[in-house]
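Please treat every number below as a calculation from the coordinates, not as lab data. Bear in mind that the values here come from a model prediction, so they are computed numbers and not experimental data. Every residue, glycine among them, receives a Cβ derived from its backbone with ideal geometry; neighbour counts consider all protein chains shown.
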Amino acid sequence: MLNELEALAQKIGRLIDLNGQYRQTQSDLTQQLRQMRARCDDIQNALEQARHECAALRTERDALAVTIDEASAHLHTLLERLPQSSIPVETPARAEDHTYGEHA
């Protein structure tokens, strides 16, 4: 009977040790989980900020595109109002001639 009690006491001692190890492991994992959740929150906040910045840049890009389109239309209107010239446009071969009126 004494041997059985000693064996039981050893088993109880091992269970207590295992329970302590499991509690420590649980505590460590809980801490890691808190850290990961905090990191996840930080990443989500950064992502949300990046989305807002991206939306602002898209809005700015669209506004600039409208401004460019308006300026292009205005320039096209101005070019259409210019009188047509009867002077021929220089051909590329003549444009490369850099003598500027000097004859050889």
Open item on the list: Calculate the FRET efficiency for A63 and I43 from the Cβ-Cβ distance with a Förster distance of 35 Å, rounded to the nearest 0.05.
Closed with: 0.70
Task: Q32 versus R81: modelled label distance in nm, points set 7 Å from Cα along the beta carbon direction - done: 7.4 nm
Open item on the list: Suppose we take every Cα in the range 4-87 and form the convex hull; what volume per residue is that in Å³?
Closed with: 111 Å³
Task: Charge context of T67, other residues only, Cβ under 13 angstrom, K/R +1, D/E -1 - done: -3
